[in-house]
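These notes are about the structure you will find just below.
The values are calculated or read from the model by the stated rules, or taken from the named source; none is laboratory data. Everything numeric here is computed off the predicted structure, so don't read it as measured data. When we count neighbours, we look across all protein chains shown, and the Cβ atoms used for this are built from the backbone with ideal geometry, even at glycine. Heads up: the accessible areas ignore ligands, DNA and RNA and are worked out on the full protein's heavy atoms, side chains in. Shrake-Rupley method; radii C 1.70, N 1.55, O 1.52, S 1.80 Å.
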Amino acid sequence: MPENRPFVLSIAGFDPSGGAGILADCKTFEQHQVYGLAINTANTIQTENNFHEIEWTSLEFTIRSVERLFETYKIKAVKIGIVPSLFYLGTIVTLIRQIAPTTKIVWDTVVKSSTTFDFLEIKNYESLKLILSEIDLITPNYNEIIKLSQEEIDPKSIAEMLSEYCTVLLKGGHNPNELGVDYLYTKDRFYRLEPRLTDVDEKHGSGCVLSSAITANLAKGETELNACENAKIYIENYLLSNHTKLGYHNV
């Protein structure tokens, strides 16, 4: 059993192309010198260009997996990816909070894949707020954050509103006015995270990589700001790694 590396858990889907989901998360964890564990919420048939099929893992099976891993390992941080419903998400988050109240929880708010497959439809926004209040940080992009609010307001206003419940990193990859500029909203602070470069190649699963990099940094004791800044450097290197949609994880 690793003695020096903190344990980090990804609860997300399986992408056979390796660009997204638990495979991408564990590649990212390894590069950050943390020990990656994984629970599969869904099996998919997909490539970096096309999404074909999905089979969800039952909530009961996922719950048993979470319980066994937390019984065995002192997990410092958890990244959650695709889930089929808010009830599924809320049950997992509540269980983690009961078992390990100090464990950091990051939710990558994937409501639609980069290949346009819809994963999660949010209908009960009061339930969403309750769940967010038990999560440490979420990582929506400009398209996703619109789905997290009933109010027809701009993405930054939604991020500021949701920061009453948890920290929000509003990713700038789809920012129409300031491409690549991220905004970090905490309950009492606001930070603007500038990109080093904007001329990068689009990558399948880049949101998974960013959120797992943040999770790894939190597990190592970094502040939320430092975790997001470090993860931004990592994801930019990932986006620059080659010209295809499948990135390389460089040390």
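Whole number in Å², please: accessible area per residue of the stretch 81-228, 1.4 Å probe, ligands, DNA and RNA not counted.
Heavy-atom SASA per residue in the stretch 81-228 reads 45 Å².
Which FRET efficiency value, to the nearest 0.05, do you get for residue 134 and residue 243 by plugging their Cβ-Cβ distance into 1/(1 + (r/R0)^6) with R0 = 45 Å?
The computed FRET efficiency comes out at 0.65.
Return the long-range amide H neighbours of residue 38 (sequence gap of 5 or more, or a different chain), with a cut-off of under 5 Å between placed amide H atoms.
The list, which skips near neighbours in sequence, is 10.
Express the carbon and sulfur contribution to the solvent-accessible surface of the stretch 143-249 as a percent, rounded to the nearest whole number, probe 1.4 angstrom.
48
At a 1.4 Å probe radius, carbon and sulfur cover how many percent of the accessible area of the stretch 1-108?
Percent of accessible area from carbon and sulfur atoms in the stretch 1-108: 51.
Once you have a ≥ b ≥ c as the square roots of the Cα gyration tensor eigenvalues for the stretch 110-212, tell me rounded if a/c is under 1.5, and otherwise prolate or oblate according to whether a/b is larger than b/c.
oblate
For the stretch 1-62, what relative contact order do you get, as a whole percent, if you take Cα pairs closer than 8 Å and at least 6 residues apart?
Taking the mean separation of contacting Cα pairs over the length of the stretch 1-62, I get 32 percent.
Defining a contact as two alpha carbons under 8 Å apart and six or more residues distant in sequence, what relative contact order in percent does the stretch 58-205 show? All intermediate terms of the calculation are to be shown ahead of the outcome.
Working: 225 pairs, mean separation 23.4, N = 148.
Contact order relative to length: 16 percent.
Once you put a point 7 Å from the Cα of residue 174 and another 7 Å from the Cα of residue 156, both along the Cβ direction, what distance in nm separates them?
Result: 1.8 nm between the two label points.
What number in nm² do you get for the stretch 43-173 if you take the convex hull of its Cα atoms and divide its surface by four?
8.5
Only four residue types carry charge here, +1 at the Cβ of Lys and Arg and -1 at the Cβ of Asp and Glu. Report the dipole size of the stretch 139-251 about the Cα centre in Debye, rounded to the nearest 20.
That gives a dipole near 340 debye.
Over the chain, what is the relative contact order in whole percent, taking alpha-carbon pairs under 8 Å and six or more residues apart?
19 percent.
Check each of the GluC sites (Glu not before Pro) in the stretch 128-167 and keep only those in coil by DSSP with at most 13 other C-beta atoms within 10 angstrom; list them in order.
Listed in order of number, the matching sites are 151, 152, 164.
Under the rule of -39500 (n - 2.57) per DSSP H run of 4 or more residues, summed and divided by the residues of the chain, what mean residue ellipticity at 222 nm is obtained, to the nearest 500 deg cm²/dmol?
Computed ellipticity for the chain at 222 nm equals -11000 deg cm²/dmol.
Tell me which label goes with the value of Cα extents along the principal axes in Å computed from the coordinates here: (1) 46, 40, 38; (2) 65, 43, 36; (3) 58, 44, 39.
Recomputing Cα extents along the principal axes in Å here gives the entry labelled (1).
Mind checking which lysines have their Cα closer than 26 Å to the Cα of residue 187? Skip sequence neighbours fewer than 8 apart in that chain.
Within the straight-line limit of under 26 Å, residue 187 reaches these lysines: 76, 79, 104, 123, 129, 147, 156, 171, 220, 232.
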